[in-house]
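The values are calculated or read from the model by the stated rules, or taken from the named source; none is laboratory data. Note that the coordinates shown come from a computational prediction; the quantities given were computed from them, not determined experimentally. Note: ideal-geometry Cβ built from the backbone for every residue, glycine included; neighbour counts use all protein chains shown.
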Amino acid sequence: MIWGVKYPFNSTLMKLGVGHPILRLPYLLRLHPRAFVYALLFVSLSTGYVVLRGVNWDGSTQLHTVMESMACLLAMVVGVLSLVRFYSKKNNTFLFIGTGFVGTAMLDGYHAVVTSTIFASQFPSAPASLIPWSWIASRVFLSVLLFVSWAAWTREARLGDSGRIGELSVYIAAGVLTLASFMFFAFVPLPRAYYPEHFFHRPEEFVPALFFLIALVGYLRKSHWKYDDFEHWLVMSLIVGFVGQTMFMSFSGTLFDMEFDVAHLLKKVSYLFVLTGLMWNIYRTFRQSEYHQSLLEAEVSERQRGEVALARQAEESELLAQTGRIASSSLDINEVYGSLATEILKLIPFDQINISVIDYEKGTTLPKWVLGIDVPGRNSGKEIPLAGSLAGEVVRTQSPIMLEVASEADIEHRFPLLVPAFNAGLRAFIAVPLNHRDHVIGVLQIRSKEPGIYTQVHLDLFNRIGNQIAGSVDSAELYAEGQRVEAELIKTTEELSRSNQELNQFAHIASHDLQEPLRMVASYTQLLERRYKDKLGSDANEFIGYAVEGAKRMQAQINDLLAYSRVAGQRAPLEATDCANIFNIAVGNLAAGIEESGAVVTRDQLPTLPADSLQLVSVFQNLIGNGIKYHGDQPPRIHVSAVESGDEWLFCVDDNGIGIEFEFTERIFVIFQRLHDRTKYPGTGVGLAFCKIVIERHGGRIWVESKPQKGSAFYFTLPMETQEKSDSMAMNKA
């Protein structure tokens, strides 16, 4: 490197070693570019002296004091940094250089102080002698320490660590020399420093020059300057120091002349050169420390990764053992699957997990258990075609699949049935086959919202889990099927029992409440006979009217009761039914009442769902008819709406009628329970009871929310699935 610029052959020279002949003098000036820098520096300084010689220059004590103050500061900085570098990685070279510059800083400070006339009377020597000799003391001290730094390196290189000189000894020796210099100048009269009668006016300058020269030759022969930036700058500092002593200061004839001040300036330059080298060396040291630290961190990280890998292997083994224990612990599907999901989540993150079984005859997969984020239309118990699904691809290839989806376009052709999951925010998928007896009985899947979260490690572990639990899933499905059959039998028995109870209730009603219209007919018939046996007067028509009314009411009750009993005792097959069409039929049946009352009947978009269409028409007709019948002063307004609520539809028939007291909101659904006199609001009291049993037969619920004079809102639910599938889901949850 020349002035910080690297050359490509530096590394080659480094490999040759310090003792190789090519690195020794006299090959120095031929081979290395830095040698030309040193030669150029020496020639430039020599030329500068020739050019400046004879220049009439007269400095001042003030300039001298400023320059020496700067020198003192620079020397102290260099010394401290050298010692810092020494303690970062102990080396005698930096110990002696640091100590030398710290001592030199003190002597330079002393040299700056004695320039002032204030202290002239405090010393036994005149300033004309004290100033040059204090300069000589500083230069000799530094040159000797630089020479010793090279000698100490030679000793250390020859003897190894045993040849290293202790820093305490160096500090004591340097301190003693510095103190001795102070005491010498303070108490000993000094001879004259200038000898104008000689060719060299200050021959004493050759003493530090000699030590600078020896140190220079030593460091050049050491050859570290070829690749070590610090020693490169140190060599240039020694060249400047040597030239300053021999060419400039030795020819100085008086204080503060040109040679005097230039020599002082060159001293600062030499200090700056050493400082520059130190900064480069410290920078390189820190970089090397960072590099070694990074290597150490990499090694620690590698070890930590190994420890993590071992720990994960142990965790995976424990997970597989635990899943085996869970799978064999129970035949209850929900218990097994729930515990399984808890264990899997310890090592494999997911936002949804599901297990589905394959129906090869239908070509579908049926999710038996789903945990996590909800995907519309993909709930447990709803069949999904194998074609176009991820499960179908697993069944076809009988291999695990890991999939990451960035956009809908990635799956709309190959896996269109994954689009709802993508729209629900899921981005990463793993699906593995459940192989039992060389047959894929189902598919185990996990899904995550985080793209790229799954790796081959997750896929392999999840596939091993699938192999571990496949047999248990098959056994659990057989057990669940038996439970479903048993539950269906119990349900049928309960329905028969309930039907019998309702038939008994009907018999009771027929023997009690239906006797009233019959008694009325009989009573008025007897009265008609008793009063008008022989003659018929004007009252005969009235009595006959009562008899006719009673007979009609009795007939209406009997008809409604028969309809009610049919609903209670029979279940027609449920078929896909358009509720909008059901609404239109019911409104058509009520056309006369709507026209007479001026009612306005509206609806929202209504769904298509599995239902008994005839019974559903009766439900709509009863609820809309009640809204027309029980209206207030304003013309009736009835609105029908439906919204999705989980796996069922929630319907609402809202009116602006007279409303219902809260205490009667349950009673109105009991058969023959009326809240109003039949002369004002005709009816049999069977309609809402009929609605209740129809809705419950469909697997739903019905209730009313109302306030008097504020209208009523009748709500009822109907499942989105068929009743058989709803029963199957109920059994699964059980």
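In this structure, does ILE348 turn out to be farther than 26 Å from GLU648 by Cα, at pLDDT 90 or above, hydrophobic (A, V, I, L, M, F, W, C) and in a loop (DSSP other than H, G, I, E, B)? Against the criterion (farther than 26 Å from GLU648 by Cα, at pLDDT 90 or above, hydrophobic (A, V, I, L, M, F, W, C) and in a loop (DSSP other than H, G, I, E, B)), ILE348 does not qualify.
The set of residues in the stretch 353-378 that are out of contact with any helix residue (DSSP H, G or I) (no Cβ under 8 Å at 6 or more places or on another chain) and either of a type in the set (Val, Ile, Thr) or farther than 14 Å from LEU434 by Cα (or both) comprises TYR360, GLU361, LYS362, GLY363, THR364, VAL370, GLY372, ILE373, ASP374.
Residues checked against (1) touching a residue at least 60 places away in the same chain (Cβ under 8 Å); (2) among the charged types (D, E, K, R); (3) in a helix (DSSP H, G or I); (4) in the same structural domain as LEU130 (by TED's automatic domain parsing):
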residue: LEU45; (1), (2), (3), (4): yes, no, yes, no
residue: VAL51; (1), (2), (3), (4): no, no, yes, no
residue: ALA75; (1), (2), (3), (4): yes, no, yes, yes
residue: VAL84; (1), (2), (3), (4): yes, no, yes, yes
residue: TYR87; (1), (2), (3), (4): no, no, yes, yes
residue: LYS90; (1), (2), (3), (4): yes, yes, no, yes
residue: THR99; (1), (2), (3), (4): yes, no, yes, yes
residue: VAL102; (1), (2), (3), (4): yes, no, yes, yes
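The residue that is surrounded by the most Cβ atoms within 10 Å (Cβ to Cβ), among those in the stretch 601-626 that are part of a strand (DSSP E or B) and not aliphatic (A, V, I, L, M), is PRO610. Among residues of the stretch 57-70 that are closer than 25 Å to VAL102 by Cβ, those with a beta-carbon under 7 Å from a residue that is among the basic types (Lys, Arg) at least six positions away or on a different chain give the pairs MET67/LYS268; MET70/LYS268. Looking at MET249, MET258, MET236, can you tell me which residue is under 24 Å from LEU52 (Cβ atoms), of a type in the set (A, V, I, L, M) and within 60 Å of the chain's Cα centre (by Cα)? Within the list MET249, MET258, MET236, the selection yields MET236. Taking only the stretch 267-290 into account, find how many residues are crowded, with 22+ Cβ neighbours inside 10 Å, under 16 Å from SER143 (Cα atoms) and in contact (Cβ under 8 Å) with a residue 60 or more places away in the chain. Of the residues in the stretch 267-290, 3 are crowded, with 22+ Cβ neighbours inside 10 Å, under 16 Å from SER143 (Cα atoms) and in contact (Cβ under 8 Å) with a residue 60 or more places away in the chain. The set of residues in the stretch 334-350 that are surrounded by fewer than 18 Cβ atoms within 10 Å (Cβ to Cβ), farther than 24 Å from ALA314 by Cβ and either touching a Lys or Arg at 6+ places or on another chain (Cβ under 9 Å) or without any contact (Cβ under 8 Å) to a residue 12 or more places away in the chain (or both) comprises ASN334, GLU335.
In the set GLY377, GLY372, only one residue is exposed (fewer than 14 other Cβ atoms within 10 Å of the Cβ), under 28 Å from SER645 (Cβ atoms) and among the small types (Gly, Ala, Ser); that residue is GLY377.
All of (1) surrounded by 15 or more Cβ atoms within 10 Å (Cβ to Cβ); (2) over 60 Å from the mean Cα position of the chain (by Cα); (3) modelled with pLDDT of 80 or more hold for PRO196 with one exception: (1).
Within the stretch 695-713, identify whether any single residue is crowded, with 17+ Cβ neighbours inside 10 Å, modelled with pLDDT under 80 and farther than 25 Å from SER597 by Cβ, and answer yes or no. Looking for residues that are crowded, with 17+ Cβ neighbours inside 10 Å, modelled with pLDDT under 80 and farther than 25 Å from SER597 by Cβ, one finds none in the stretch 695-713, hence no. Checked against (1) crowded, with 21+ Cβ neighbours inside 10 Å; (2) of a type outside the set (Ser, Thr, Tyr); (3) free of Cβ contacts under 8 Å to residues at least 12 places away in the same chain, GLU596 passes all but a single condition, namely (1). Figure legend. Inter-residue proximity from the stretch 706-719: first residues in contact (Cβ under 8 Å) with a residue 40 or more places away in the chain, second residues crowded, with 23+ Cβ neighbours inside 10 Å and of a type in the set (D, E, K, R), beta-carbon distance below 8 Å, spacing 6+ or different chains. Indicated pairs: GLY711/ASP655; SER712/ASP655; ALA713/ASP655.
Pick out the one residue from LEU130, LEU146, LEU168 that is modelled with pLDDT of 85 or more, more than 26 Å from LEU220 (Cβ to Cβ) and assigned by TED's automatic domain parsing to the domain that holds PHE260.
Answer to the selection: LEU168.
Listed conditions (1) part of a helix (DSSP H, G or I); (2) among the charged types (D, E, K, R); (3) surrounded by fewer than 17 Cβ atoms within 10 Å (Cβ to Cβ) are all met by GLU204, apart from (3).
Residue pairs whose Cβ atoms lie under 6 Å apart, separated by 6 or more positions or on different chains, with the first residue in the stretch 659-671 and farther than 12 Å from GLY711 by Cα and the second at pLDDT below 75 and assigned to a loop (DSSP other than H, G, I, E, B), are PHE664/LEU675; ARG667/GLN673; ILE671/VAL686.
Note on the stretch 603-639: residues that are within 15 Å of ARG697 (Cβ to Cβ) and among the aliphatic types (A, V, I, L, M) total 6. Restricting attention to the stretch 134-189, the residues that are assigned to a helix (DSSP H, G or I), surrounded by fewer than 12 Cβ atoms within 10 Å (Cβ to Cβ) and not aliphatic (A, V, I, L, M) total 6. Inside the stretch 84-108, residues that are in contact with a Cys (Cβ under 7 Å, 6 or more places away or on another chain) and not charged (D, E, K, R) make up a count of 1. Determine if the stretch 219-241 includes at least one residue that is in contact (Cβ under 8 Å) with a residue 60 or more places away in the chain and at positive phi. Yes: the stretch 219-241 contains one or more residues that are in contact (Cβ under 8 Å) with a residue 60 or more places away in the chain and at positive phi.
Candidates are the residues of the stretch 627-639 that are crowded, with 16+ Cβ neighbours inside 10 Å and out of contact with any Leu (no Cβ under 7 Å at 6 or more places or on another chain); the one that is nearest to PRO610 (Cα to Cα) is HIS639.
Yes or no, residue by residue, for (1) surrounded by 22 or more Cβ atoms within 10 Å (Cβ to Cβ); (2) of a type in the set (A, V, I, L, M, F, W, C); (3) at pLDDT below 80; (4) farther than 16 Å from LYS268 by Cα:
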position: LEU45; (1), (2), (3), (4): no, yes, no, no
position: VAL51; (1), (2), (3), (4): no, yes, no, yes
position: SER88; (1), (2), (3), (4): no, no, no, yes
position: THR93; (1), (2), (3), (4): yes, no, no, yes
position: THR99; (1), (2), (3), (4): yes, no, no, yes
position: PHE119; (1), (2), (3), (4): no, yes, yes, yes
position: PRO124; (1), (2), (3), (4): no, no, yes, yes
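Checked against the criterion of being in a helix (DSSP H, G or I) and at pLDDT below 90, the stretch 208-220 has no qualifying residue.
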